[in-house]
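First the structure, in the form of C-alpha cells, and then the observations on it.
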Amino acid sequence: MKKVLILLGVPGSGKGTQARILAEELGYVQISTGDLLRALDADPQGDPEDKKKLEDMRNGGLVSDDLIYKLAFAAIEKNLAQKKVVMLDGAIRTVEQAKAYQDFLLQRVSADEIVAVKFRISDEISYNRLAKRKVCGSCGDILPYSTENEKKTICEKCGGPLQVREDDNEATIRERIKKQGNAMLAPLVEFYEQKGILVSVNGEEKIDVVDREVKDKLGL
Ligand code: AMP
C-alpha cells in the first residue's frame, strides 16, 4: 500500500484534477504547493517575509525552496501522522527539491511506500489547457475548457465564483512553460525512474480515461 503519491506533470497536465478524484473517492489528501502559496497570498495574517517570496510566482518562475519546504513538509507531516495517504501535487519541481523531499519522506515512510506518477502531455497542449481553464475562487475546483464550460460563471460543486487564475494569462503561461515545461521536468522524471518508483500515464486523454489508467498503474 502506497502512502505517498508524487504527481509529476507540466502545468495543465491534469494532475490536480486527478488528485481531486482520488481525494473524493478514496480520501487521499491532496497537497498542492500552488494552492498553499495562493492561500498564503490571500491571508492578511500571513508572514510578510514569506509573502515577499510570492513575487516569483507572479512572474511565472519558481518560488524559493525554503518557503516550499516550510509549507509542504508541515502539511505532509500532519497528514501522515493521521494515517492518510498524501498526494504531492506540483510540490516537487526540481531535482534539488526531489532530494530534499526524499530525505524528509524516508524518515517517515519506507521507499516502497512512495510512487511517482508522471502525466505525459506536450507543451502545446499544456498551453491550450492553461489559457482556457477556469478555477473556482472558493473551493479551487478546476473547470477544464469546453464550449459548454466556457459560459459558466458559478462553480457547480460549491456555488463559488469561477475565475481565471491570476497566473493563467498569456505572458505568464509562456514563462511557466519555459521554466516548468517538459524540458525542465525531464531530469526530475529521470530521478524517480532511476529509483525504480516511476509510473507514467497518458495525460492527453479525457479525464475518466486518465483516471482509469492511474488506478490501473497503482493497482487501485
Ligand atoms: P501550480 O498551482 O501548481 O501551477 O503552482 C503555481 C505557482 O506556484 C507556480 O507557477 C510556481 O510559481 C509556484 N510553485 C508551486 N509549487 C512550487 C514548487 N514546488 N517549487 C517552486 N515553486 C512552486
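Here are a few things to note about the model shown:
- The set of residues from the stretch 177-220 being free of Cβ contacts under 8 Å to residues at least 24 places away in the same chain and polar (S, T, N, Q) comprises just one member, Q194.
- Residue in the stretch 66-87 that is among the hydroxyl-bearing types (S, T, Y), at pLDDT 95 or above and exposed (fewer than 15 other Cβ atoms within 10 Å of the Cβ) present: no
- Within the stretch 10-27, considering residues that are more than 11 Å from the ligand (Cβ to nearest atom) and on the phi > 0 side of the Ramachandran plot, the one least open to solvent (accessible area, probe 1.4 Å): G14
- Inter-residue pairs, beta-carbon under 7 Å, first more than 13 Å from R20 (Cβ to Cβ) and in the stretch 144-158, second open to solvent by 90 Å² or more (accessible area, probe 1.4 Å), 6+ apart: Y145/K132
- Of all residues in the stretch 57-68, those that are assigned to a loop (DSSP other than H, G, I, E, B) have Cβ atoms under 9 Å from Cβ atoms of residues that are among the hydrophobic types (A, V, I, L, M, F, W, C) and more than 6 Å from the ligand (Cβ to nearest atom), 6 or more apart or on another chain, in G60/A171; G60/I173; G60/I177; V63/L54.
- For the stretch 1-59, a tally of residues being touching a strand residue (DSSP E or B) at 6+ places or on another chain (Cβ under 7 Å) and either over 26 Å from L80 (Cβ atoms) or of a type in the set (V, I, T) (or both) returns 5.
- Of the listed requirements (1) more than 22 Å from V199 (Cβ to Cβ); (2) part of a helix (DSSP H, G or I), I76 misses just one: (1).
- Condition met for Q30 (within 12 Å of the ligand (Cβ to nearest atom), open to solvent by less than 60 Å² (accessible area, probe 1.4 Å), under 17 Å from the mean Cα position of the chain (by Cα) and within 25 Å of Y127 (Cα to Cα)): yes
- Odd one out for A91, checked against (1) of a type in the set (A, V, I, L, M, F, W, C); (2) open to solvent by 70 Å² or more (accessible area, probe 1.4 Å); (3) within 11 Å of the ligand (Cβ to nearest atom): (2)
- Selection status of R58, open to solvent by 10 Å² or more (accessible area, probe 1.4 Å), at pLDDT below 95, under 20 Å from D141 (Cα atoms) and more than 11 Å from the chain's Cα centre (by Cα): no
- Among residues of the stretch 22-35 that are closer than 23 Å to D216 by Cβ, those with a beta-carbon under 6 Å from a residue that is in a helix (DSSP H, G or I) and open to solvent by less than 10 Å² (accessible area, probe 1.4 Å) at least six positions away or on a different chain give the pairs Y28/L22; Q30/A19.
The values are calculated or read from the model by the stated rules, or taken from the named source; none is laboratory data. Treat the numbers as computed from the prediction; the structure is a model and nothing was measured. We place every Cβ from the backbone using ideal geometry, glycine too, and count neighbours over all the protein chains shown. For accessibility, only protein heavy atoms count, side chains too; no ligands or nucleic acids. Shrake-Rupley method; radii C 1.70, N 1.55, O 1.52, S 1.80 Å.
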